2 protein chains.
Amino acid sequence: MAVTIKDVAREANVSVASVSRALNGHGGVTADTLERIREVAARLRYVPHGAARSLITRRTHTVGALLPDLYGEFFSELIRGIDLAARAQGLHLLVSSSHDDAAEAAAALRAMQGRVDGLLVMSPHADAAFLRQNLPMGLPTVLMNTVLDGDDYAALSVDNHGGVRLLMQHLIDGGHRRIAFIQGPPKNRDVAEREAAYLQQVAEHGLEPIVLPGDFNEESGYRAGEQLLAMSSRPDAVFAANDMMAIGCMAAIRDAGLRIPDDIAVAGFDDVPMARYVTPALTTVRVSIAELGKEALLRLTAEIEQAEHLPRTHQRVDAGLVIRQSSGGQQVHARPRAAGE
Amino acid sequence: MAVTIKDVAREANVSVASVSRALNGHGGVTADTLERIREVAARLRYVPHGAARSLITRRTHTVGALLPDLYGEFFSELIRGIDLAARAQGLHLLVSSSHDDAAEAAAALRAMQGRVDGLLVMSPHADAAFLRQNLPMGLPTVLMNTVLDGDDYAALSVDNHGGVRLLMQHLIDGGHRRIAFIQGPPKNRDVAEREAAYLQQVAEHGLEPIVLPGDFNEESGYRAGEQLLAMSSRPDAVFAANDMMAIGCMAAIRDAGLRIPDDIAVAGFDDVPMARYVTPALTTVRVSIAELGKEALLRLTAEIEQAEHLPRTHQRVDAGLVIRQSSGGQQVHARPRAAGE
DNA sequence: AGCCGCGATGAAAACGTTTACGTTGCGCTC
DNA sequence: GAGCGCAACGTAAACGTTTTCATCGCGGCT
């Protein structure tokens, strides 16, 4: 059995209250007894019981993160950004992921009750109704890249529209006219935004939209590439909804004996680390996932600190263009991303 | 204020005990009252308070993971493996990372007390003395890739020795004789094991050891490559202690106008996803990090289940050879790793 | 009819903390 | 030297559960 505050109190000949005061630095103990209590606590290796403490203080110093998955660089970066910011605030991180269906996500949500001070949510199941139903009321929550109708919760998401605009402008400036788009999984909000932005750009410049199906995996990019090569009037550029599909598409183009970017330019979205290592290096839209996580956590802690509810802002994190050779950008030697980036 | 079990009891005209019994399915309630309690609980959106519950049940259904960092594919995969296995066992995951010094790691360790049922530890600061000092006694703990003297804790680590042996054998079979080794960060246990295995293999085959410094980053691999090319009698193969350095080294060789693998063969260690996308694709040692995490968690839950301590086994997870073009392996089209892998 | 057993229920203790409040003892001041 | 204030410390309540134990009511047995 673990050693409790009572054991320390008995051993130091004081009450539990004094032990608590001493160890938490609340004052009200003489320097002499403080020293004695400290000594006993260290000797007994006393460590306060987190659950008991947070039961009375109503603070867990922990935030929960509800994610759809953990696979791939996106989530890796997201968690890292969240964790870094959380650590800076002295918070712990309780992750919950891979809930396949809404019921499982609901269970995960409910299990968070009493274990976290706030919640970061990114989930395909998380519409406003779902959250209202399953979220313990009064728990500060921030949504990441998640659709919301109504402004019940604060939300952050990446500026897909701005990113696509930059990229399309770059391709058009490069003289490309027949620009194809490879879609992602249908219910994905980011995909929908990117496609809408693509269509808008195409329309604004009087171009013809060419849309191919995809599912975010490399293979679907390869298949899309094959379809695209078989078209009667071949596109001279491809924009894939994410980098992995762009890489798959590049493989298809290369396998067909065509050159990138001379015959067809290729671009992606995300700037996964791999993008700069493929040949030719991939032009893409850079969205700092880690920063998204960090900003979300900062927003959450702000909400936790304030007793009063803050206005439910919907904040966007910027996306930037990263030009590499796959779209005819100048040759640059691949450089590792700095650790803090 | 959140709704508690008392609110449900009052609303349903029963005692809190009955609510607890009903909601936990302990029986001892008539079907009638059970239904009534369920209805009230749902209507009030009652969710039991985790801290309060685990205070009395002494179970948190959470495991903690103490990691040195979260950056890069290694930790991403590790966390994913742990999370997947944890979820299968109905456990949550509390991660704590990036503790720069021992004091911070100690604080993190102590903060886990009362919030987790067991601990997964991978930390450079975690020697046996450190753990004995800071770990709340009686908390089941499993070490991952962490040096231990004495057998106080169960441990898992990757079979660096076996992996290196396979790789060296492959290079030697390919006719390579002057095989250089690029080191990693000095205090890293994996690095030490890989280097020791390299030296042993070199000695066994009567070859000359060639060791260059490195720090696991791509840049250090590039520098090592430059050094290696400047040597009077050039090596005909390089084995880097991890993939990123191997990739950096390949860049240096390519920049010098030499061909891989014809002039110099290159191999790495880890099989990061990127390894199959670089050109030429990188021969490497595959260690399933996710599996390491999974096995560690399984071992931990076993320890949690058993009241009695299990024997402190030191378990190895296998490493396998992945032959690609950088060592003269046959050309294979890069295929995405299956999601479950 | 009285008793026994049993299933349903409630009262209360327990988990390990923090903290409001009460008590003690001491050194001042008048 | 009595009263007062204040610092140090202890007592006990509180947090929200689970669980043990006692109580109650009721049907079946002798």
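Rule-based calculations on the coordinates, nothing more; no lab input. Only a predicted model underlies this, so the values are computations on that prediction, with no experimental measurement involved. Cβ sites come from the backbone with ideal geometry, for glycine too, and all protein chains shown count toward neighbours.
Between region B:223-283 and region A:163-228, how many Å separate their Cα centres?
Rounded to whole Å, the Cα centres lie 36 Å apart.
Listing A:284, A:301, A:313, A:60 from the residue with the fewest other Cβ atoms within 10 Å to the one with the most, what is the order?
Going from least to most buried by this count: A:313, A:301, A:60, A:284.
Bins of 10 Å, beginning at zero and ending with the bin holding the largest distance: percent of Cα pairs per bin for chain A, please.
5, 22, 24, 19, 14, 7, 5, 3, 0
Name the residue farthest towards the positive end of the dipole of the protein assembly as shown from the options B:154, A:26, A:158, assuming +1 on Cβ of Lys and Arg, -1 on Cβ of Asp and Glu, about the Cα centre.
A:26
List the distances, in nm to one decimal, from the label point of residue B:35 to the label points of the same position in every other copy, shortest first, placing each label point 7 Å from Cα along the Cα-to-Cβ direction.
7.0
For the protein assembly as shown, how big is the tail of P(r) above 46 Å, as a whole percent of Cα pairs?
The share of Cα pairs beyond 46 Å in the protein assembly as shown comes to 27 percent.
Once phi is turned into ³J(HN,Hα) by the Karplus curve 6.51 cos²θ - 1.76 cosθ + 1.60 with θ = phi - 60°, what whole-Hz value does each residue of region A:41-58 show in order, with x for glycine and proline?
Per residue, the Karplus-derived 3J(HN,Hα) values read 4, 5, 4, 7, 6, 6, 10, x, 7, x, 4, 4, 5, 6, 5, 8, 7, 6 Hz.
Tell me, A:6, A:294 in order of fewest to most beta-carbon neighbours within 10 Å?
Taking fewest neighbouring Cβ atoms as first place, the list is A:6, A:294.
Find the relative contact order for region B:1-140 and round it to a whole percent, using C-alpha pairs within less than 8 Å whose residues are 6+ positions apart.
Numbers: 150 pairs, mean separation 31.8, N = 140.
Relative contact order for region B:1-140 comes out at 23 percent.
Nearest-5 percent of antiparallel DSSP beta bridges in the protein assembly as shown?
Rounded to the nearest five, the antiparallel share is 15 percent.
What's the magnitude of the charge dipole for the protein assembly as shown around its Cα centre, counting Lys and Arg as +1 and Asp and Glu as -1 at the beta-carbon? Answer in Debye, nearest 20.
Here the protein assembly as shown has a charge dipole of around 1540 debye.
For chain B, what does the relative contact order come out to in percent, with C-alpha contacts under 8 Å and a separation of six or more? Walk me through the numbers before you get to the answer.
On the way: 598 pairs, mean separation 55.0, N = 341.
Rounded, it is 16 percent for chain B.
According to the Kirkwood expression over distinct Cα-Cα pairs, how big is the hydrodynamic radius of region A:47-154, in Å?
14.4
Taking a label point 7 Å from Cα toward Cβ, how far is residue A:15 from its twins in the other copies, in nm, shortest first?
3.1
At 7 Å along Cα-to-Cβ for each site, give me the label-to-label distance between residue B:31 and residue A:33 in nm.
Roughly 6.0 nm, to one decimal.
Rounded to the nearest 5, what % of DSSP beta bridges with both residues in chain A are antiparallel? Don't skip to the end; give the middle numbers.
Values: 4 of 35 bridges.
Around 10 percent antiparallel, to the nearest 5.
With a ≥ b ≥ c taken as the square roots of the eigenvalues of the C-alpha gyration tensor of region B:176-273, please select rounded if a/c is under 1.5 and otherwise prolate if a/b is larger than b/c or oblate if it is not?
It is oblate, given that a/c is not under 1.5 and a/b is not larger than b/c.
According to the Kirkwood expression over distinct Cα-Cα pairs, how big is the hydrodynamic radius of region B:224-266, in Å?
Details: mean 1/r = 0.0989 Å⁻¹.
That comes to 10.1 Å for region B:224-266.
Out of A:306, A:227, A:89, any idea which swings most in a Gaussian network model of chain A, alpha carbons joined below 10 Å?
Greatest mean-square fluctuation among the candidates belongs to A:306.
Applying the Karplus parametrisation 6.51 cos²θ - 1.76 cosθ + 1.60 with θ = phi - 60° to the phi angles of region B:67-77, what ³J(HN,Hα) value in whole Hz is obtained for each residue in order, glycine and proline being reported as x?
In residue order, the calculated couplings are 10, x, 6, 10, 7, x, 5, 4, 6, 4, 5 Hz.
Mean separation of Cα pairs under 8 Å and 6+ residues apart, divided by the residue count of region A:87-229: what relative contact order is that in percent?
Working: 140 pairs, mean separation 23.2, N = 143.
It comes to 16 percent, rounded to a whole number.
Mean residue ellipticity at 222 nm from the helices of chain A, using -39,500 (n - 2.57) per DSSP H segment of n ≥ 4 over the full residue count, to the nearest 500 deg cm²/dmol?
Values: 12 runs with 144 residues, N = 341.
About -13000 deg cm²/dmol.
What does the copy distance list look like for residue B:90, label position 7 Å along Cα→Cβ, in nm and ordered from shortest?
Spelled out, the distances from residue B:90's label point are 3.6 nm.
In whole Hz, with x marking every Gly and Pro, tabulate ³J(HN,Hα) for region B:208-219 from phi via Karplus 6.51 cos²θ - 1.76 cosθ + 1.60, θ = phi - 60°.
Going residue by residue, I get 9, x, 10, 10, 10, x, x, 9, 6, 8, 4, 4 Hz, with x marking Gly and Pro.
Suppose the Debye formula is applied to equal point scatterers at every Cα of region A:77-220; what is log10 I(q)/I(0) at q = 0.11, 0.14, 0.15, 0.17 Å⁻¹?
With one equal scatterer per Cα and no solvent, log10 I(q)/I(0) is -0.56, -0.81, -0.88, -1.02.
Just A:167, A:143, A:199 to compare: in a GNM of chain A, with alpha carbon springs under 10 Å, which one fluctuates most?
Result for chain A, Cα springs under 10 Å: A:199 fluctuates most.
Who wins for biggest fluctuation among A:122, A:274, A:231 in a Gaussian network model of chain A, springs between alpha carbons below 10 Å?
Per the Cα network of chain A with a 10 Å cutoff, A:231 tops the list.
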